[in-house]
Amino acid sequence: MSTIEAKPCLHHSVADWQNNNRQLSATAEHERDVSHVIRQEGRGLRNETTIKTWWDESDTCRRLEVRLWDVSRCKDSLETCAVEVDTEMEALTLAKEELEQALGATAVPLQVTQECLTLRQGRRGLELVGDPVEEELKQEVRLIEGVQQELQQHVGRTFEQLCVLQEARHQLTMDLQNKMDALDVDRICLSLTVKSAQISLKTNPLRIPPGTVTPQEWVQFSQYNVTVAQEAMLLSQQMRENARLTRSKLQNELEKQRRATEFALRKRTHTEEQSRQELEWQLKITEDEISEMEADIRGLDQDLRVKTASLKLAHTRLENRTCRPGMDLCRDQVQLGLVSEVQQLEASIKALDQKLGEAQHSLQKMCLHHARMTQDLNRKQEALSLEQRSLNTRHRLTDATCAAVGGDEPALAGVVPLANSSGRSRLRTLA
C-alpha cells in the first residue's frame, strides 16, 4: 500500500511569535496592576465597613436602651392609672349596691323581662320578627322603668358608667400587655450578639409590617387611653356624689301588663307550633316526591343504557355490512332499516338524556329546598324552645308582683338585690 502524505501545518513567522510573547507579558502586567488596586481598595473597604458595622451596632444598642426606658416609663404610667380605675370601680360598685338595695322588688320583674327579650333575640333568620310579644315586653320594660323613676335612672347610669370604666380598664390592660410584650422583645434584641445562636438571615427584613405607627402616634395612643380613663373616673366621682335614693311602689298595671305579655307569648307559641307542624308536613311530602323522583331517574338512566346498547348493536351491524364485496355492497332494505333504526335510537337517547337532565335538575332544586325547609324547621324549633324558656322564666314574676303590689317595707327589705353589673361578687345579700 502506498503511504498518504500528511497535510503540512501552517507556520507562523518569528515576528508573530515575538508579538505574541510581548502581548502575553503586557497583559499579565496589566492584570497584576488591576489586582493590586482591587486588593488595596478591598482592604480599605473592609476597614471602613468594620468600623461602620461596629458603630451601627453600638448605636442600635443605645437606641434600644432608650426605647426600653421610654416604654417602661409609659408602662408605669398605665399601671398607676389602672390601679386608680380599679379603686374607682370598687367605689362605684358600692354606690350601685346601695341603689340596688333601694330598688328592691322592682329588680326581679325588670330582670325577667330583659331576660325574655335577650332570649328572644336568640332567634335566627326569619324567626327574628318584631311581633306583639316583643312590643308587650318592651311596654313592660317601660312600665317598670316608669315605676322606678329616678332610682332606676341612677341605677342605669351607674351601670353604664361601670361599663365605660370596664372598657377603659380593658384598654389600659391591653395597652399594658402590649407594652410588656414590647419590652420582652426589645430586651431579647438587646441581649443578642453576633455570636448568639438565635440569629439568622430573614426574608425581606426591611419590610414595614401592617399596622406600623409613628412614635408620635404611639405616644398619643397611650395618652389617649389614660385621658379617657381619667375622664371616666371624674364622671364616676360626680355620679357618686349626685346619687340619690328614691322608692316607689309597683302600680296595679304591672299585673295587667304581665298577663297581657304572657297571653301574647302563649298565642305566639301556638302560632309557631302550627307553622312548625305545617313545615313538617311539607317536608314529609317533599321527601316522598324526592324518593319517587330518584326512582324515576334510575329508570331513565337504565333505559338510556339499554338504548345505548341497542345503538351500539346497530352501529356494529352497519359497520360490518360495509365489508360486503363487489355488487353485494348494495343499499338494500336491511341497510335502510338499520339507518332508520340508528336515527330512531339517537332521537330516543337524546330525548331520554334531556329528560334525565330535567329530572336531575328538578331533584337538585327539591333537595336544596328540602335543605332550606330543614334549616327553617330547626330555627322554628329553636324559636319554640326560646318561647318556652321565656314562659318558664316569667313564672318568677308571680311572687315578685304580689310583693310589689303589697307595698310593705319588709317585702322590699327581704328582696335579693340586683347582681353586680361589674361582674364582681362582693355585694351583700339582704337579711
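A few comments on the model shown:
- Ranked by the mean number of other Cβ atoms within 10 Å of their residues, highest first, the peptides 14-27, 177-190 come out as 177-190, 14-27.
- Estimated [θ] at 222 nm from DSSP helical runs (n ≥ 4, -39500 (n - 2.57)) normalised by residues in the chain, nearest 500: -29000 deg cm²/dmol
- Candidates SER385, SER77, SER291: whichever shows maximal mean-square fluctuation once the chain is modelled as a Gaussian network with Cα springs under 10 Å: SER291
- Positive-end ranking of GLN381, MET366, LEU352 along the dipole of segment 333-382, with charges on Cβ about the Cα centre, is headed by GLN381.
- Using Cβ point charges alone (K and R +1, D and E -1), the dipole size of the chain about the Cα centre works out to roughly 720 debye.
- Evaluating kT/(6 pi eta Rh) at 4 °C and 1.567 mPa s, with the Kirkwood radius of segment 261-303 over Cα pairs in the Stokes-Einstein relation, gives 101 µm² s⁻¹.
- Surface composition of segment 12-61: carbon and sulfur atoms hold 58% of the protein heavy-atom accessible area at a 1.4 Å probe.
- Comparing GLN388, GLN152, GLN333 in a Gaussian network model of the chain (Cα springs below 10 Å), the most mobile by mean-square fluctuation is GLN333.
- Residue-normalised convex hull volume from the C-alpha trace of the chain: 423 Å³ per residue.
- The chain: most fluctuating residue of HIS361, HIS270, HIS12 per GNM, C-alpha cutoff 10 Å: HIS12
- Loop-located trypsin sites (Lys or Arg not before Pro) in segment 263-366 (DSSP state not H, G, I, E or B) with no more than 13 neighbouring Cβ atoms inside 10 Å: ARG331.
- Charges were assigned to the Cβ only: +1 to each Lys and Arg, -1 to each Asp and Glu. The resulting dipole of segment 169-218 about its Cα centre is roughly 180 debye.
- Sorting 207-218, 61-72 by their mean Cβ neighbour count within 10 Å, with the most densely packed peptide first, gives 61-72, 207-218.
- Shape class of segment 191-325 from the Cα gyration tensor (axes a ≥ b ≥ c, square roots of the eigenvalues): oblate, since a/c reaches 1.5 or more and a/b does not exceed b/c.
- Charge dipole of the chain about the Cα centre (unit charges at C-beta), most positive-ward option of THR113, THR60, VAL141: THR60
- For segment 1-156, alpha-carbon Rg relative to the globular expectation (2.2 N^0.38 Å, N residues): 3.16
- Per residue, the convex hull volume that the Cα atoms of segment 310-395 enclose (Å³): 77 Å³
- Each Lys and Arg Cβ is given +1 and each Asp and Glu Cβ -1; about its Cα centre, segment 103-186 then shows a dipole of about 140 debye.
- With protein chains left intact and a 1.4 Å probe, residues in the chain average 68 Å² of accessible area per residue.
- In this structure, the residue pairs whose Cα-Cα separation is over 25 Å, taken from LYS312/LYS350; LYS307/LYS365; LYS52/LYS202; LYS307/LYS355; LYS96/LYS179; LYS284/LYS350, are LYS307/LYS365; LYS96/LYS179; LYS284/LYS350.
The values are calculated or read from the model by the stated rules, or taken from the named source; none is laboratory data. For clarity, every value in this text was computed on a predicted model and none was experimentally measured. With ideal geometry, Cβ positions are generated from the backbone for all residues, glycine too; neighbour counts draw on all protein chains shown. When the accessible area is computed, the model is the full protein with side chains, heavy atoms only, and any ligands, DNA or RNA have been set aside. Shrake-Rupley method; radii C 1.70, N 1.55, O 1.52, S 1.80 Å.
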